[in-house]
1. Would you please give the FRET efficiency between residue B:10 and residue A:11, computed as 1/(1 + (r/R0)^6) with r the Cβ-Cβ distance and R0 = 30 Å, to the nearest 0.05?
2. Post the alpha-carbon centroid distance, segment B:56-70 to segment A:5-57, in whole angstrom.
3. What are the semi-axes of the equivalent ellipsoid for segment A:2-82, taken as the square roots of 5 times the Cα gyration tensor eigenvalues, largest first, in whole Å?
4. Going by how many other beta carbons lie within 10 Å of each one, how would you line up B:72, B:3, fewest first?
5. Taking the protein assembly as shown, how many lysine pairs are there with alpha carbons less than 24 Å apart, if each pair must be eight or more places apart or span two chains?
6. Distance between Cα centroids, segment B:10-52 to segment B:82-97: provide it in whole Å.
7. Using the Kirkwood radius built from alpha carbon pairs, what does the Stokes-Einstein equation give as D for segment B:2-82 at 20 °C and 1.002 mPa s, in µm² per second?
8. Averaged over its residues, how many other protein chain Cβ atoms are within 10 Å of peptide B:8-21's Cβ atoms?
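What follows draws every value from the coordinates through simple rules; no lab data is involved. Treat the numbers as computed from the prediction; the structure is a model and nothing was measured. Ideal geometry is used to build each Cβ from the backbone, glycine not excepted, and the neighbour counts take in all protein chains shown.
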Amino acid sequence: MILAKVIGTVVTTISHPHYKNRRLLVVQPLVCEGDNTDEDFIALDNTHAGIGDTVLVNREGNGARQVLKNPDACVISVIVGIIDSVHVE
Amino acid sequence: MLFGRVHGTAVCTMKIAGTEGLKLLVVQPVNRKLEPVGALQVAADVVQAGPGDLCVMVRSREAALAMPEIRFVPVDLALIGIVDELHVLPDGTFDLVMKKGSTSYT
């Protein structure tokens, strides 16, 4: 799982049935100092996160299928938590 | 999961069993600013997208799971949604660098 920041929303009226009635958000991973911040990807929202929230993202299909309780879901990235605080040594 | 812009269609008459009837599209992966990332790729389509459409794509095993009915399909990129609206805040709006020590995000 990774820490990421929600930076955008995606609206799709035509989508795969597994994505119906769920929100897609654009997220950018948080990085350590000196690392490239340019990466971004799309994640399915499972926690009612919004733009500006720091979130926990599961980027693995099997975990996503467990979260969505659908053994056939074609979802890889799913937001599974909203981060309150982080402590880095 | 990533964005892709449809650039055209791919047709192949000889293909491996399981992929018959699948619509193949040539797509360019793009980032949040809709700038091209990497080379053109071929994706299987389940949402009837057309050239010029901005789509949401899914990679790896989940692409095979996106196919209707058929299960073991040798597909590694699938289009699973057509983007109607995309709202992304400009770069620099949020600080993406984690600082040492405690940081509160609420």
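1. Working: r = 28 Å, r/R0 = 0.92.
Approximately 0.60, to the nearest 0.05.
2. 19 Å
3. Working: eigenvalues 96, 40, 23 Å².
So the equivalent ellipsoid measures 22, 14, 11 Å along its semi-axes.
4. Numbers: B:72 9, B:3 25.
In order of increasing Cβ crowding within 10 Å: B:72, B:3.
5. Details: A:5/A:20; A:5/B:33; A:5/B:99; A:5/B:100; A:20/A:69; A:20/B:23; B:15/B:23.
Total qualifying Lys-Lys pairs in the protein assembly as shown comes to 7.
6. Taking the Cα centre of segment B:82-97 as reference, the centre of segment B:10-52 is 25 Å away.
7. Working: Rh = 12.6 Å.
Reported coefficient: 170 µm²/s.
8. Details: counts 0, 0, 0, 0, 0, 0, 0, 0, 0, 0, 0, 0, 0, 0.
Counting Cβ atoms of other protein chains within 10 Å of each residue's Cβ and averaging gives 0.
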